[in-house]
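Values in this text are rule-based calculations from the coordinates and carry no lab data. Nothing here was measured: the structure is a model prediction, and the numbers come from that model. FYI the Cβ positions are ideal-geometry reconstructions off the backbone, even for glycines, and counts take in every protein chain you see.
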Amino acid sequence: MVAGPRSLESEPKSSDLIMYQEFFGLNELPFGITPDTSFFFAFASYQEALNTLLVAARTGEGFIKITGEVGTGKTLLCRKFMASLGSDFVTAYIPNPYLEPRTLLLAVAEDLLIPLDAGVDQHRLHKTLNSGLLNFARGGKRVVLCLDEAQAMPLETMEALRLLTNLETEKRKLLQIVLFGQPELDDKLEQASVRQLKQRITFHYQLGVLRRDELDNYVAHRLAMAGNRGAPLFSQAALDLLYRASGGVPRLVNILAHKALLLTYGEGRAQADKKQVRAAVADTPAAKQLRWWW
């Protein structure tokens, strides 16, 4: 027996989600917003950004900068990039760099498993980091530090990172840094106090959104990865509306598609149509409210 219509205002129970998956023949939820590299879809902008990152990492010089609007998948790209590096790379990941310089350096050492003495002073901290990075280099390893939400980083912390990249052998840098951030990161880099860091950015890329011709494949890919092997779960009209309402922003596509499928399941239908997408948009303030409906 199929569940009745459901309001989107309350979060579905886990038992309801299991029934929802079974109803559509899925093994897991296809449109989660938690970054999961198994769902990575290499649409044009993603693939170009990933190629840029991989080439830059193997070049081994300077900073790399990736910017993109909210919801364009910077964190997912970051995780995919780190997973794509070979065994000759060691990576560190800082999800929230809104830290004072010393705290950030301690976090880098911790993530790289570089042991530090309790209460280590600033001089000793830099010396120990330098020694740890040299040990990686002697072992044939390259070290890449990825910082997410880099637009939140204080200016003095940015300068501390620049000084950290001064560490080098005769042939290459001991540490390469990748900044992932919203467009506000570019504004911050215009500050005179970090102009030297800006000059060291040798590779940069701005993430775009899904094109209309990519959205259908994106939705189909996520459904297939979640186990869908049957008929399409979205009508063509629903996909058209999904694109217009989301603007091609992957996170919004996921949110709207998830809500539309929940409503479709609640109504006992096999395929989402415009009606369910419209209801999902009305329930999502961040989506483009298409006033012409009314």
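Miscellaneous remarks
- Spin-label zone in region 234-250 - amide nitrogen under 17 Å from a point set 7 Å from the Cα of R212 along the C-beta vector: 235-249
- For region 47-87, the Cα-based Rg and Dmax, in that order, read 10.4, 31 Å.
- Dipole moment magnitude, nearest 20 debye, the chain about Cα centre, only Lys, Arg, Asp, Glu C-beta charged: 500 debye
- Using the Cβ-Cβ distance between D240 and A282 with R0 set to 22 Å, the FRET efficiency works out to roughly 0.80.
- Take every pair of alpha-carbon atoms less than 8 Å apart whose residues are at least six positions apart; their mean separation over the length of the chain yields a relative contact order of 29 percent.
- When shorter helices are ignored and each DSSP H run of at least 4 residues is given -39500 (n - 2.57), the per-residue value for the chain at 222 nm works out to -14500 deg cm²/dmol.
- In percent, rounded to a whole number, the relative contact order of region 44-206 is 38, using alpha-carbon pairs under 8 Å and six or more apart.
- Spatially near lysine pairs across region 171-294, Cα under 28 Å, sequence gap of 8 or more or different chains: 9
- Rounded to 5, percent antiparallel among DSSP beta bridges of region 44-206: 5 percent
- Taking other C-beta atoms within 10 angstrom as a stand-in for reagent exposure, R79, R222 fall in the order R79, R222, fewest first.
- Viscosity 1.002 mPa s, temperature 20 °C, Stokes-Einstein D of the chain from Kirkwood C-alpha radius, µm²/s: 101 µm²/s
- Kirkwood hydrodynamic radius computed over region 149-285 comes to 18.2 Å, based on all pairs of distinct alpha carbons.
- Residue order, fewest to most surrounding Cβ atoms within 10 angstrom, among I255, I18: I18, I255
- Rounded FRET efficiency, nearest 0.05, which uses the C-beta distance separating M19 from S84 and R0 of 41 Å: 0.70
- Of E100, E149, the sequence from fewest to most neighbouring Cβ atoms within 10 angstrom is E100, E149.
- Degrees separating the helix 122-138 axis from the principal Cα axis of the chain, which is the longest one: 80 degrees
- Taking label points 7 Å from Cα along the Cα-to-Cβ direction, R102 and N135 give a separation of 2.3 nm.
- Relative to its residue count, region 44-206 spans a Cα convex hull of 105 Å³ per residue.
- Local electrostatic count, L197, Cβ distance below 12 Å [Lys/Arg +1, Asp/Glu -1]: +3
- With only Cα atoms counted, region 220-291 has Rg and Dmax values of 11.4, 35 Å.
- Crossing angle, helix 155-164 versus the chain [Cα axis fit, 0-90 degrees, rounded to tens]: 60 degrees
- Using the Cβ-Cβ distance between A118 and D36 with R0 set to 25 Å, the FRET efficiency from 1/(1 + (r/R0)^6) comes to roughly 0.10.
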